[in-house]
């Protein structure tokens, strides 16, 4: 008897557990359906409010308004004809008029579509120029900081630094003083190459944000210049990091070897003939040259934009 009671209790527990699992499964299914319904609603709202949908809506509204205007004009002329001449005209005249009106309708819609396309293109161009102006205001301080550290790194101690010089006649031997302390107060005594890397990365990031945010349909030269800087910084970044790593206490020997090789090597030394440490220096010099070319191209093309002179005039190109 006691055994049967225990079996009944166990069966009740099993049924209760099964009901609980069944409810949990139904609740999970309901939750998933709610999530899917919410996602569908979001997709519908996005599609409804998207630029493409608004453009199609505006185009349809324009065609409808044009059609109504033409129909009203045709009706007005027909009524005027009946009032003045007390006749609707013969059938052949009406057919000819219908053909003429159809042709006029096609011509009118084509002209209106062309006007709308021109207006939209002009609007996109103005929006792109405004975006370039906005990003250029962010880029210009970054360019100034980059040029100051770049020219500091290339200038021998004691010489006058041309802070805003964009293009310089540098070679790998110009980097012989890159491990000297920076003369700029805000650099807090860090080495010149270390300060250069900080501003170099900041400018590359700013250019990347610009390329990602703007389509450059009407000013592709600015995009090309920005991409040149990004590509140069990407490929040369490894050599820059390697040279900065030589500053650690564990690699003082490599740092001394780099400085010695820069000062003792002939200017005509090629990348294939150079030692490993000197190769990084030559790669860094090549990266800086490519970045200078990209910056010169960027500043020139931005200045040549038709709307307004966007860039300051203190740069030495």
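Readers should treat all values here as calculations from the given coordinates under stated rules, not as data from a laboratory. Fair warning: this is a prediction, and the values are worked out from it, not measured in the lab. For neighbour counting, all protein chains shown are included, and Cβ atoms are generated from backbone atoms with ideal geometry for every residue, glycine included.
Spin-label pair residue 120-residue 270: with each label point 7 Å from Cα along the Cα-Cβ axis, the two points sit 5.5 nm from one another. Taking the number of Cβ atoms within 10 Å of each Cβ as an exposure proxy, the fewest-first ranking of 260, 137, 192 is 137, 260, 192.
Springs between Cα atoms under 10 Å define the GNM used for the chain, and in it the highest mean-square fluctuation of 112, 287, 153 occurs at 112. Across 155, 198, 110, mean-square fluctuation computed from a Gaussian network of the chain (C-alpha pairs under 10 Å connected) peaks at 110. Residue separation of residue 180 and residue 317 scaled by 0.36 nm, minus their Cα-Cα distance, works out to 46.7 nm of gained length.
Annotation for the stretch 204-232 versus the stretch 12-32: alpha-carbon center distance of 56 Å. Between 244, 259, 267, the GNM of the chain built on Cα springs shorter than 10 angstrom shows 267 fluctuating the most.
Placing pseudo-labels 7 Å out from each Cα toward the beta carbon at residue 133 and residue 17 gives an inter-label distance of 7.2 nm. Segment residue 212..residue 104, full-extension length gain: 34.4 nm, with 0.36 nm per residue of separation and the alpha-carbon distance subtracted. Using a Förster distance of 22 angstrom, determine the FRET efficiency expected from the C-beta separation of residue 164 and residue 221, and round it to 0.05. Once rounded, the FRET efficiency stands at 0.50. Note on residue 111 and residue 81: the model spin-label points, each 7 Å out from Cα along the C-beta direction, lie 2.2 nm apart. Going through [x] 139, 47, 36; [y] 50, 48, 40; [z] 105, 105, 39, the figure that equals Cα extents along the principal axes in Å as computed for the structure here is [z].
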